[in-house]
Each structure stands twice: as structure tokens, then as C-alpha cells.
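Inspection log for the structure reproduced underneath, given as C-alpha cells.
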Amino acid sequence: MNKELQDSLKRKAAVKAADYVENGMIVGLGSGSTVTMLVDELGRRVQKDGLQFTGVATSISTAQQAKSLGIKIVDLDMVDAIDLTIDGADEVDSHFNGIKGGGGNLLWEKIVAINSKKIIWVVDQSKVVDTIGAFHLAVDVIPLGSQHLLKKFDDAGLKPVIRIGKDDHPFKTDSNNLIIDLHLQKIEEAKKLADYLIKTVGVVEHGLFLNMVDTVIVGKEGTPQVLTNPN
Ligand code: 5RP
């Protein structure tokens, strides 16, 4: 799929998702290019339609964008709970298991997600897959000892690579951690992998979001498709 078409499908999903935001809600705002489109749309509705809600951002860049559009942003610890979080994803399968972290924001995204009453993902149709794993799986790690962790993952056959940023230096997350990307191609036993990763000392969080999302809005030609998680 070419980028122009993909962006138009992302935008369709993002605009549809904006309909779920109601006055007075506390809304988790994810990260990535699809969420950038969502935040643009929400900013437009705040300015033109008088929509009023409070956002909790999953990255510094989302917070900056939202504030610049007149959306009120507060820290997660200032709210009791988040009514709805809308976020992007890199892949999602029919069991509503997904990979996130393409932009390196998975830690904040997961913290916001687990404090949300409802989660919606906005994706274009290329991201709906039979088996997750073709997209690299991001693992957020503490810098101290990260070379040892890299070797451990390599020995375990997880094909790890330290993510490099645009400045040719190791990519730093908003929490100043590093990202190790696992190039697995296929993840057959996602729960087992998630358990292994989270128990490994030095790992802060990983990008497997297993059966956490309630609704996936898929941008496709024509009307976006709304997939509802039965579990
Ligand atoms: C960032 C993420 C993003 O939500 C994910 O990478 C999707 O991004 P995009 O909407 O740009 O395709 O998880 O950490």
C-alpha cells in the first residue's frame, strides 16, 4: 500500500474515532501519525464545535500538539481514571492481540491503557494481520546493562537490534530509556513471550498489548470498519 493511500485510510479511522469523544470525558491520547490526525480532528471540534474534554497524553509530542490546538492536557496522576483512550497500533490480529511501540512510546501508552475504562485503536487495513510479529516488537529497557540484555536476547534467538534515532544515536524514549527491537517475523506464542520479557531484569515494558483493546476502527476504502472485542 502506498503512503498516500495508507495516510488517507488512517485519517478515515481517526475521524471516525473522534466521534467517540464526548463532552466532559477524560480521554487518553495515544501517539503516532494516526493519533496526530485524531488530535487534529479533536482540536478542530474543540475550536469549531465547542467540544470540551480533558486529555491525558502518552507522549511529549502528543501533549505538545494537543495543547497547541487548545485541548486541555493533564497528568495521569491528576485523574482518577480515563474514560476512553484512543491510540494507534502497528499490528492487530483477530484475537485483538497487537503490537505497539513503532514510535517508541509503548511504556507511557501501556500505563495510560491499563488506567482506561475503554480502549479504541485506530489503524489502516494493512495493520490487521493473521499473526503478529512481522512488525518489529519494541522492548523498552533501562540503559544500564542494555548491551548485556542485547546479548541475552540474541542468545535466545530473538533477533534484537538497538533502535537508532534520527540523529544516528541510540533512540531515547520520553523516559530516557532505550528501545530494543525484536525482529521475529511471526509471534506464535505471544503470552509466553510477554511473560518472559516482563520477567527479564532491565526490561521496563514491551510492545505486546494482548487482548487489551475493546474496539478497533479500521480505515479502509469506503466506510471504516468497527471491530468489537467480544471478551
Ligand atoms: C507508538 C505507537 C503507535 O501508535 C504505532 O506505532 C502506530 O503508529 P502510526 O499511527 O504512525 O502508524 O505505538 O509507540
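Structure above, values below:
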{"quantity": "Only Lys, Arg (+1) and Asp, Glu (-1) charged, at Cβ; region 1-100 dipole about Cα centre in debye", "calculated": "420"}
{"quantity": "Degrees separating the helix 3-18 axis from the principal Cα axis of the chain, which is the longest one", "calculated": "60"}
{"quantity": "Within the chain: Cβ-based charge dipole about Cα centre, in debye rounded to nearest 20 (Lys, Arg +1; Asp, Glu -1)", "calculated": "160"}
{"quantity": "Cα-based helix-to-principal-axis angle, 146-155 vs the chain, degrees rounded to 10", "calculated": "70"}
{"quantity": "On Cα atoms only, tilt of 190-199 relative to the major axis of the chain in degrees", "calculated": "70"}
{"quantity": "Debye-sum result for region 25-146 in log10 I(q)/I(0), which assumes one identical scatterer on each alpha carbon, at q = 0.12, 0.16, 0.17 Å⁻¹", "calculated": "-0.45, -0.77, -0.85"}
{"quantity": "Longest to shortest principal axis, alpha-carbon extents of region 120-191, angstrom", "calculated": "36, 28, 21"}
{"quantity": "Global form of region 87-209, assessed from the alpha-carbon gyration tensor, a/c cut-off 1.5", "calculated": "prolate"}
{"quantity": "Point-to-point label distance, ILE114-ASP195, nm (Cα→Cβ direction, 7 Å offset)", "calculated": "1.7"}
{"quantity": "Expected 222 nm ellipticity per residue - DSSP helices of 4 or more, -39500 (n - 2.57), all of the chain, to 500", "calculated": "-9500 deg cm²/dmol"}
{"quantity": "Eligible lysines near LYS48 by straight Cα distance, threshold 23 Å, same-chain separation 8 or greater", "calculated": "LYS10, LYS12, LYS16, LYS67, LYS72"}
{"quantity": "Computed lengthening from HIS148 to ASP7, 0.36 nm per intervening residue step minus Cα-Cα distance", "calculated": "46.9 nm"}
{"quantity": "Distribution of pairwise C-alpha distances over the chain, 10 Å bins, in %", "calculated": "8, 33, 36, 19, 3, 0"}
{"quantity": "For SER175, net neighbour charge (Lys/Arg +1, Asp/Glu -1) across residues whose Cβ lies under 13 Å away", "calculated": "-2"}
{"quantity": "Two-decimal log10 I(q)/I(0) for region 1-74, as the Debye equation yields it once each C-alpha is a single scatterer, q = 0.13, 0.21, 0.27 Å⁻¹", "calculated": "-0.34, -0.85, -1.29"}
{"quantity": "Percentage of interatomic Cα-Cα distances in region 143-231 larger than 22 Å", "calculated": "43"}
{"quantity": "Cβ-based exposure ranking for GLU41, GLU188, in which fewest neighbours within 10 Å come first", "calculated": "GLU188, GLU41"}
{"quantity": "DSSP-defined antiparallel bridges as percent of all bridges, the chain, nearest 5", "calculated": "50"}
{"quantity": "FRET efficiency, 1/(1 + (r/R0)^6) with R0 25 Å, evaluated for VAL74 and LYS48 via beta carbons", "calculated": "0.65"}
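A short reminder: the numbers here are calculations on the coordinates, not readings from a lab. Keep in mind the model is a prediction, meaning the values are calculated, not measured. Glycine gets a Cβ as well: all are built from the backbone with ideal geometry, and neighbour counts include every protein chain shown.
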